[in-house]
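K.L.:
Take a look at this one; I'll ask things after.
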Amino acid sequence: MIIEEIDLRSDTVTLPKPQMIEAIANATLGDDIMGEDITVNELERKAATLLGMEDAMLVLSGTMANQIAIMGFSTRGQEIILGNESHIYNLEGAAMSAVAQVQARPIQVQDGYFDLELVESAISTGDIQRAKTALISLENTYNLNLGQIVSLENMKKIQDIAKLYNLPVYLDGARIFNASVELGIEPSEFCKYVDAAQFCLTKGLGCPLGSVLVGTKEFIDKAKINRQRLGGGMRQAGIIAAPGIYALENMIDRLKEDNDRAKRLAEKLSTIEGLFINMKDVQTNIISVDIRHCEMDAEQLISFLKEKRIKVKQIGRKKIRMIVHYLITDDEVNYVVSSFKELLENKG
Ligand SMILES: *Cc1c(COP(=O)(O)O)cnc(C)c1O
């Protein structure tokens, strides 16, 4: 077996399948700002149906979807309640303050669980001094919290609280399908408890770009104005939508394989001296490896692995992350495990 490069840094490194390139070549295109790209319209209709929402809108990235959602639910000077490790708070260039002009009210989220008392006590109805809460924003799977699944029950309870205060709830569902296939439920189940959501076409689904925002028709109409303001209005966007349609039809169910393969990889790695993985954290396709008891630090380990043509991501001085995706095979999992063994049990 010839091992080429094994890139476990993220599921965003996935390349489009040949069928996706073919779908791009054969797509019927039109001007999407005029609503005339029938391929975009088809993707949006499929996405709305899949998530059980009224309407949908294609955008260029998950970050853009999140910011458009925030802009849609808030006005300048308000506050958004979100997880302290959320993508919106940590990895979007502070767009919520720089662009949407709201501030974050981060709360601690433990093991993918949004504590109900913390959420409720973070809500502000607004007075002269305190910013008024505009939105509660959830994330599922919770990326920086190791890809953990936020349970339907937790989401429902958050919605119950939000209703008491007449607040909307948003879901950053970049990897929502990794959660739905893991629980064996329809992705629309999650959307019962939120007013709007986004999912990424670019993660495990393997598309070259794009995210889809879903919500009520009224919300999406407003979102189209905000997308335009951000320079995200597109013309023949069917070239983005075509692989998206392929992905919705062919790439969702197979995500269970990635989740299962991630568990197998994690189980095998956890038996290696110097590596610690909390198996209960490995719920979907993300593995966080604690190398505290390893003589090497993450940088050294990463450069050793590079020599083995294995790429992983450093997430701390003594922590690395791996994300399994459709390009990773069982043979490669075995190769990764034996490479770690060689490095740590011989040299470690
Ligand atoms: C990847 C990701 C996004 C959006 O990413 P883009 O790179 O902007 O497409 C948003 N939220 C979460 C949780 C993500 O993992």
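Where a number appears in this text, it was derived from the coordinates with a stated rule and is not lab data. This one's a predicted model, so the numbers in the text were calculated from it and none came from an experiment. Note that we place each Cβ from the backbone using ideal geometry, even for glycine, and neighbour counts take in every protein chain shown.
K.L.:
Let me test this: with uniform point scatterers at the alpha carbons of the chain, what is the Debye-based log₁₀ I(q)/I(0) at q = 0.08, 0.14, 0.15 1/Å?
P.N.:
-0.40, -1.13, -1.25
K.L.:
Shifting gears a bit: Using only Cα positions of region 71-141, each an equal point scatterer, no hydration layer, compute I(q)/I(0) via Debye at q = 0.14, 0.18, 0.26, 0.27 Å⁻¹ and quote the log10 values to two decimals.
P.N.:
Each listed q maps to, in turn, -0.40, -0.66, -1.25, -1.30.
K.L.:
Set the Förster radius R0 to 30 Å, insert the Cβ-Cβ distance between E267 and L183 as r into 1/(1 + (r/R0)^6), and round the FRET efficiency to 0.05.
P.N.:
0.90
K.L.:
What number comes out for the charge environment of N143, summing +1 per Lys or Arg and -1 per Asp or Glu over other residues with Cβ under 13 Å away?
P.N.:
The answer is -2.
K.L.:
Still on this model: Over the alpha carbons of region 254-347, what is the largest minus smallest coordinate on each principal axis, giving the biggest first in Å?
P.N.:
Principal extents (Cα only, largest first): 37, 25, 21 Å.
K.L.:
Same structure again: Using the structure shown, select from K132/K203; K280/K341; K163/K217; K46/K157; K156/K222 the pairs with a Cα to Cα distance greater than 24 angstrom.
P.N.:
K132/K203; K46/K157; K156/K222
K.L.:
Using a Förster radius of 41 Å, what is the FRET efficiency between D31 and L152 based on their Cβ-Cβ separation? Nearest 0.05, please.
P.N.:
With a Förster radius of 41 Å, E is 0.55.
K.L.:
May I ask you to derive the relative contact order of region 47-106, considering only C-alpha pairs under 8 Å and at least 6 residues apart, and to give it as an integer percent? Walk me through the numbers before you get to the answer.
P.N.:
Working: 59 pairs, mean separation 19.7, N = 60.
Answer for region 47-106 is 33 percent.
K.L.:
So, one more: What do you get for trypsin sites (Lys or Arg not before Pro) in region 23-83 restricted to DSSP loop and a cutoff of at most 14 other Cβ within 10 Å of the site's Cβ?
P.N.:
Filter output for region 23-83: R76.
K.L.:
Within region 286-320, whose backbone N sits under 13 Å from a point 7 Å along Cα→Cβ of E342?
P.N.:
304-310
K.L.:
So how long is each side of region 50-193 along the principal axes, counting just the alpha-carbon atoms, biggest first, in Å?
P.N.:
Rounded to whole Å, the extents work out to 47, 34, 30 Å.
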